[in-house]
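The values are calculated or read from the model by the stated rules, or taken from the named source; none is laboratory data. Keep in mind it's a predicted model, so treat the numbers as computed, not measured. Every residue, glycine among them, receives a Cβ derived from its backbone with ideal geometry; neighbour counts consider all protein chains shown.
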Amino acid sequence: MKKSLLLFAAIVFTQCFTNVFAQTKIGYVSVDEIFALMPETKKADSALAAYQKDLADTYAEQEAELNAALDKFVKDSAKMSPAVKEAKRGDLQTRISEMQNKQQQYNTALEKEKEKQLKPIQDKLLANIKAVAKENGYNHVLYKEQAIVFPETDDITALVKKKLGIK
């Protein structure tokens with residue numbers, strides 16, 4: 001009796017795990033490929049390039065002004081009194097420090113602008129991936145780029161492209 005009960009429990013236990021694994025459906029998607037093809041990405045890239053150019057131009061102007069001030073200091077320093085020379089040197093050091101800070105500020109501003117431009121596109125892509133997965137019964141969707149081997153029939157990249165209207 002004990003053996004048959006143990007055998008029955010083992011069969012039920014095995015059947016439960018088989019059902020759990022049989023219900024899992026895994027899909028794969030090439031997020032990078034789709035993201036690059038989205039029209040919104042191209043617009044965002046153009047906007048970011050323009051923003052980056054504006055920042056670079058502003059920085060270049062300020063750097064040119066600082067270099068001109070440094071050249072003038074070097075040229076005129078022989079004629080300056082020690083007190084004036086020290087005051088000008090201190091002013092130039094402050095301006096150099098400010099330029100270094102501005103470069104960091106511009107990099108931070110560029111990163112914030114990237115986030116602002118790309119986040120809605122990423123959210124849209126993720127929502128469409130989730131919708132395609134749900135419509136097609138996938139429990140899990142993994143990055144295709146990170147999979148070494150996977151069944152081609154579970155690649156949902158084309159389905160997501162279709163849903164987004166990308167050819």
Notebook entry, point to check: Can you find a residue in region 87-103 that is in a helix (DSSP H, G or I), within 30 Å of A44 (Cα to Cα) and aliphatic (A, V, I, L, M)?
Noted result: yes
Note to self: Pairs needed: first member in region 153-167, polar (S, T, N, Q); second member anywhere, surrounded by fewer than 17 Cβ atoms within 10 Å (Cβ to Cβ); C-beta distance under 8 Å; at least 6 residues apart or different chains.
What the structure shows: T157/E33
Item checked: Among (1) at pLDDT below 95; (2) surrounded by 10 or more Cβ atoms within 10 Å (Cβ to Cβ); (3) farther than 30 Å from K134 by Cβ - the single one Q15 does not satisfy -> (3)
Check: If you take the residues in region 137-166 that are charged (D, E, K, R) and either touching a His at 6+ places or on another chain (Cβ under 9 Å) or surrounded by 11 or more Cβ atoms within 10 Å (Cβ to Cβ) (or both), which one is farthest from L37 (Cα to Cα)?
Finding: D154
Check: Does any residue of region 57-66 turn out to be loosely packed, with under 11 Cβ neighbours inside 10 Å and not aliphatic (A, V, I, L, M)?
Finding: yes
Notebook entry, point to check: Taking interchain pairs and intrachain pairs at least six residues apart, which have beta carbon atoms under 9 angstrom, with the first residue in region 56-85 and within 26 Å of N101 (Cα to Cα) and the second part of a helix (DSSP H, G or I) and among the β-branched types (V, I, T)?
Noted result: L66/I96; L70/I96
Next item on the list: Might you let me know whether region 105-120 holds any residue that is surrounded by 13 or more Cβ atoms within 10 Å (Cβ to Cβ), within 30 Å of G27 (Cβ to Cβ), in contact (Cβ under 8 Å) with a residue 24 or more places away in the chain and not hydrophobic (A, V, I, L, M, F, W, C)?
Entry: yes
Check: within 28 Å of the chain's Cα centre (by Cα) and without any contact (Cβ under 8 Å) to a residue 40 or more places away in the chain, is that true of A127?
Finding: yes
Checklist line | Restricting region 144-158 to residues that are of a type in the set (V, I, T) and in a helix (DSSP H, G or I), the residue that is nearest to A133 (Cα to Cα) | finding: T157
Next item on the list: Would you mind telling me which numbered condition in (1) surrounded by 16 or more Cβ atoms within 10 Å (Cβ to Cβ); (2) at pLDDT 95 or above; (3) over 15 Å from T24 (Cβ atoms) A133 fails?
Entry: (3)
Next item on the list: Mind listing whichever residues of region 33-53 are free of Cβ contacts under 8 Å to residues at least 12 places away in the same chain, among the charged types (D, E, K, R) and either surrounded by 11 or more Cβ atoms within 10 Å (Cβ to Cβ) or not in a helix (DSSP H, G or I) (or both)?
Entry: K42, K43, D45
